[in-house]
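The values are calculated or read from the model by the stated rules, or taken from the named source; none is laboratory data. Since this is a predicted model, take the numbers as computed values, not measurements. So basically every Cβ, Gly included, is an ideal-geometry build from the backbone, and we count neighbours across all protein chains shown.
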Amino acid sequence: MYQWLPLKDVLRSTHAMDKGEISEVARGKKESKQTREGFVEAYIATNGSIPKMKKRLTGRNDRETWDKRRDQFIARHLEQMRKGDTYSSGWNKRGEPTPRHLALIAWAYSPSPKRLSAWLRTQPKEWKPYVSNPSEQLTFDFTEYDPYIPSLSKAMVMEIMFAVNDKENKQPTVVIGTSSAPKNKGIAEAINKGYMDVVKVIDHTLSGMKMWVVKPSRKGLALAKKRREIHASKFEQLDLFKNPKKSVNVAIHLLSKEGIHEKIGDIKLSDTACGLKIDTDLHNLPSGFHGTHIHEFGDLSPSIKGDKKIAGGSAGSHYDPENAGFHGSPQGKGHRGDLPKIHADEYGTSQETLYAPRLKLKEILGRSIVVHRYGDNYSDHPLPNGGGKERMAGGIISGSCPHCKNPKSDKGGKYVPERYLKGYKGKLREKRKKEIVDRNKEIAKAQKKYGKEDNFPQYVKRILYRPFVTDKVKHTGESPFTRAARERGFNADIPKEKIISTAKEIGIVTAKDINETKIDKRGNKDKQGEIPRYVYPVLKKTINASVYYDGVIPFSSTVESYRRGAAAWKTGHYKAQTPESWGLARVNSFLVGGKTFFTSDSDLAKKLPKNVQKSIIKQRVWKG
């Protein structure tokens, strides 16, 4: 609804926000009582991605996303600015944003972005972002203050450690102040006591303030070294990591009764003042909410209970050091390993930040994190452990993942991804699974004999890619990309005899392009030297799309997209699919701004004329 400012513009404004103590909750300087993070923290966590902000939940409830909360905030403050502020334009007499305008900027919006852009050019280029747990502040230098050197003030010691870290990362330490001293009391004290040296003092024209550039002195570096040595001797965590940090990335793998399977993303665990911070970056999950818990043991292999196999059963029960004996919420009582449930969007993606206030990273190292299929009401009623179903994914909380380096066998390749078994139940499901496993064995034999799939003889391909006996699940409808292509007229009929001549007139294709389509990658002509039949439907789509977007789409891009789609064709999806239908579906996706346009075919997208690129992006179908 409201135009978004880039993340860099928001961060560039933080000097002015600090001066007026503006939007401290949004920037993470103060803890929010309603949301699990501040808006700026979320914007940084998504690396300034607007699509991700439109899907990232605020934590107030199970529905509100950051873009919706942002719209509400901006609408309310714009109304107050225009009705109640002395400077309703958002700018004061000195040419600076008003406090309310700065609050809007903290939420990535400005009513006058061009004027803001000019003002930002006057702001210091050397800014120091402040959020509660930015990535560069995760080393042990930035733990909560400890009494290792009680004779020195907390504020001064921490500012010295920040400055040492800046120096090691080859970054300047810059603070605001007056002509006589920095505003930051800790830094002013460090300068007075000889722990920091002043490099230079710069005028900040608009505000009349001074920018102090400082660096740690030899005395300050010696203090940092002493503090680190004391800290290292007191914390066994340092022995667990080659590069000790207050965070660890946990590789998450799919689990089944057969074993541990492909990786579907990562969960980053970090210590913060608000407890354990959980950053998810997962894909290929069923859409909806999923219960997530810390389990006792660092073992994800299946276990046997009675006559049943349990996926990930060796991970044990929920982590429960106090022996509470019941399932509860992350904030309340119950198992300490009970985490906030994670949310997967309609694409099966989860990218959010959650907090478990009762946990520390140190106590869960070596254990496992498990994601359950669906649900978690943070209670044992009406069903135990929140009502979640089987354990479907998990990871071992350590510095490295044994399953990424040396994946465990799934007993002869018998694991079949769930997406190939949708719609099948009971004996038919088992029959379908066996048929796919047997087909994979046939393909493996062909690869051993002929090498790459391109080298398979035609008769071998016909055998390998024959329909399954259990093919009963038909395509229930068009994909959104194919439907959009049809609605935009990309399939509009053009007489076959006019397709090539029309494409030449528009400039889509040349005689050389047509000639090259007769030759395959191995340098052999097609039978009878004729133009392959896929050329005509691909050209037809290209012509219609060129007219629709008012620009020339090169045939070389669409035909390459087709070839990639045809080469990626696999069995086990829908009945009667062919390499040709997969190729044409990929062309549809490419031309309407589907997933391939932004991912695997992004190199082809860059070759399109600028106006066509912008039109496709503006009317994109894929919202990932």
### Message
Kindly evaluate ASP62 against the criterion of being acidic (Asp, Glu), in contact (Cβ under 8 Å) with a residue 12 or more places away in the chain and under 26 Å from ASP345 (Cα atoms).
### Response
yes
### Task
Filter the range 341-373 down to the residues that are crowded, with 22+ Cβ neighbours inside 10 Å and of a type in the set (Gly, Ala, Ser), then identify the one that is farthest from GLY288 (Cα to Cα).
SER368
## Note on the structure
If we take the range 283-322, then strands (runs of 3 or more DSSP E) inside it with 1 or more residues that are touching a residue at least 12 places away in the same chain (Cβ under 8 Å) are 288-290, 292-295, 308-310
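Residues checked against (1) modelled with pLDDT of 75 or more; (2) touching a helix residue (DSSP H, G or I) at 6+ places or on another chain (Cβ under 7 Å); (3) assigned to a strand (DSSP E or B):
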residue	(1), (2), (3)
LYS215	yes, yes, yes
LEU238	no, yes, no
ASN243	no, no, no
ASN249	yes, no, yes
GLY265	yes, no, yes
LEU276	yes, yes, yes
THR280	yes, no, yes
## Note on the structure
Of the conditions (1) part of a helix (DSSP H, G or I); (2) touching a Pro at 6+ places or on another chain (Cβ under 9 Å); (3) under 23 Å from ALA118 (Cβ atoms); (4) not small (Gly, Ala, Ser), the single one that ILE22 does not satisfy is (1)
### Pairs, first surrounded by 24 or more Cβ atoms within 10 Å (Cβ to Cβ) in the range 96-109, second assigned to a loop (DSSP other than H, G, I, E, B) and among the acidic types (Asp, Glu), C-beta under 9 Å, six or more apart
HIS101/ASP85
### Message
Suppose we keep only residues that are out of contact with any helix residue (DSSP H, G or I) (no Cβ under 7 Å at 6 or more places or on another chain) and under 21 Å from GLU430 (Cβ atoms) within the range 461-473. Which one would you say is modelled with the lowest pLDDT?
### Response
VAL473
### Task
Would you point out which residue out of ASP320, ASP376, ASP338 is out of contact with any strand residue (DSSP E or B) (no Cβ under 8 Å at 6 or more places or on another chain), within 28 Å of GLY259 (Cβ to Cβ) and surrounded by 15 or more Cβ atoms within 10 Å (Cβ to Cβ)?
ASP320
### Query
Checking THR46 against (1) more than 30 Å from GLY348 (Cα to Cα); (2) polar (S, T, N, Q); (3) in contact (Cβ under 8 Å) with a residue 40 or more places away in the chain, which single condition isn't satisfied?
(1)
### Query
Restricting attention to the range 570-585, which residues are modelled with pLDDT of 80 or more and buried (at least 18 other Cβ atoms within 10 Å of the Cβ)?
TRP582, GLY583, LEU584, ALA585
### Query
Since TYR195 meets every condition but one in (1) buried (at least 18 other Cβ atoms within 10 Å of the Cβ); (2) touching a residue at least 60 places away in the same chain (Cβ under 8 Å), which condition does it not meet?
(2)
